[in-house]
1. Can you pull out every residue in region 97-119 that is assigned to a helix (DSSP H, G or I) and either touching a strand residue (DSSP E or B) at 6+ places or on another chain (Cβ under 8 Å) or closer than 16 Å to residue 43 by Cβ (or both)?
2. Select, from 94, 42, 78, 64, the only residue that is at pLDDT 90 or above and assigned to a helix (DSSP H, G or I).
């Protein structure tokens, strides 16, 4: 068995374990809790999942050699997969937050940000972060 084949098999195993099991666990866990807390739990679990994937992607990217940054190299592809999954989980987190906390009201989100951070317009930094990450 060649080294390249083993590396690809290991990458597929990591993707299978890392990208399939956590969303399932995070997605199912609120249904085992109090129904009144589903929204809160889904918001918290989605951001935790985004941070988990981001951390894995960051660790992988820190260990990439220059020639591995090309996405067709399996380690580069693996890092990019976790990076993309982190962004997708973050977008799901935003959707859950706007649905369960702000009831799709941007004005409510600005007011909440003002209460928490002292500057309601700070939410626009969050929007900028979202746009720059997804670029």
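1. 97, 98, 99, 100, 108, 109, 112, 113, 116
2. Selected residue: 94, the only one of 94, 42, 78, 64 that is at pLDDT 90 or above and assigned to a helix (DSSP H, G or I).
The values are calculated or read from the model by the stated rules, or taken from the named source; none is laboratory data. Keep in mind the model is a prediction, meaning the values are calculated, not measured. Note that each Cβ is placed from the backbone with ideal geometry, even for glycine, and that neighbours are counted across all protein chains shown.
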